[in-house]
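Report on the structure given below.
Derivation of every value follows stated rules applied to the coordinates shown; laboratory data play no part. All of these numbers come straight from a predicted model, not from anything done at the bench. Here the Cβ positions follow ideal geometry from the backbone for every residue, glycine too, while neighbour counts run over all protein chains shown.
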Amino acid sequence: MRPFRLFAAVTALALAVTSVEAEPLARTLFGSKSMPALGASEPIGSYARGCASGLMQLPETGPTWQAMRLSRNRHWGQPETLSFIQDLSAYAATLPGWKGLYIGDISQPRGGPMTGGHASHQIGLDVDIWMLPPQSLRLSRGQRESLSSISIRTADQTRINGNWTPAHAALLKAAALDPRVDRIFVAAAAKIAMCNQATRADKRWLQKIRPFYGHNYHFHVRLKCPPGSRLCQTQKPTVARLSNGGDGCDETLNWWVTDMLNPPKPTGKPKKPAKPKPVKKSAKTYVMSDLPAQCRTVLAAP
């Protein structure tokens, strides 16, 4: 290659790299929007790579709920999500010691990657529900910022603690039985407790309860794509046997409180180092080209 052509090629490559590096992060763009995109409610893309139009804001206070951490402006969801919250909170208010529910994050006004704290919650169909039983639904804005939830598992992550009650189990069961719900993420210790207490004839609903770390102060409900949502990507089961009707109360569950916490030491001869895998992008590093094309329209909408 001639020197001039080589110089031109290197310059073009450098400009391309600079252009990519200079492209703003999607989480910055979506996090700057304080109001939803006008239009019909529509989840676009997947729970962890998408956006949403026409989201509705959960009222800060309802007859059986209060939205927490109002400063985050993350209480926007699909109509189905808000209806689910209203229904589940009404049930929670019938449980001993519960006046309703404290609601954590749902989505940003236009969905999309969040400025921090979540990889999912991007299309208005995820909602975090606190483990703390509400004693008051008249909290001030300041109290909603300072009040904290409670953990329902031990510090070593293997068992439920004294904060776990039959009411927690009843609440999670009610959520799992709702046909709108796809899955629920909760600390493994909680699922183990529910598996141990459920009868053989009453365990099918446990299929929706999925163990996951970091979900001891709240449980995370994920709703199915609403009927007719052609741009919403349905999530496939993460455990093969669950798709065949299993309940997940088996050795795959025990892994979360054994090998996951204390990985077994390798035995035998060390294996030859594998080739490094390319670094996968995450919600923290997505740019607009990583999201569905329709998200550009959502971001630019009035």
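Close Lys pairs in region 38-261, defined as Cα atoms under 22 Å apart and 8 or more places apart or on different chains, number 15. Annotation: peptides 144-150, 258-264, ranked by per-residue average of other Cβ atoms within 10 Å with the highest first, follow the order 144-150, 258-264. The stretch between Gln57 and Ser140, if pulled fully straight at 0.36 nm per residue, gains 28.0 nm over its current Cα-Cα span. With N the number of residues in region 38-261, Rg(Cα) / (2.2 N^0.38 Å) evaluates to 0.98.
Between Ala90 and Asn196, the simple label model (points 7 Å from Cα in the Cβ direction) yields a spacing of 3.5 nm.
Each of Lys275 and Ala300 was given a label point 7 Å from its Cα along the Cα-to-Cβ line. The distance between the two points is 3.9 nm. Cβ crowding within 10 Å, taken as a proxy for footprinting-reagent exposure, orders Lys99, Lys284, Lys203, Lys265 from fewest neighbours to most as Lys265, Lys284, Lys203, Lys99. Amide H contacts of His218: Met131, each under 5 Å away and 5 or more positions distant or on a separate chain (H built 1.01 Å from N in the peptide plane; Pro and chain starts excluded).
Magnitude of the Cβ-charge dipole of region 38-261, K/R +1 and D/E -1, about the Cα centre, nearest 20 debye?
The calculated dipole for region 38-261 is roughly 100 debye.
Of all beta bridges DSSP finds with both residues in the chain, what is the antiparallel percent, to the nearest 5? Taking every DSSP beta bridge with both residues in the chain, the antiparallel ones total about 75 percent. Per residue, the average separation of C-alpha pairs within less than 8 Å and at least 6 apart gives region 22-173 a relative contact order of 25 percent. Annotation: lysines with alpha-carbon distance below 26 angstrom to Lys275 (same-chain offsets under eight excluded): Lys265, Lys284. Dipole of the chain computed with +1 at Lys/Arg Cβ and -1 at Asp/Glu Cβ about the Cα centre; of Gly248, Asn163, Pro59, farthest Cα towards the positive end is Gly248. For Asn73 and Ala119, the FRET efficiency from 1/(1 + (r/R0)^6), where r spans their Cβ atoms and R0 equals 25 Å, is about 0.85.
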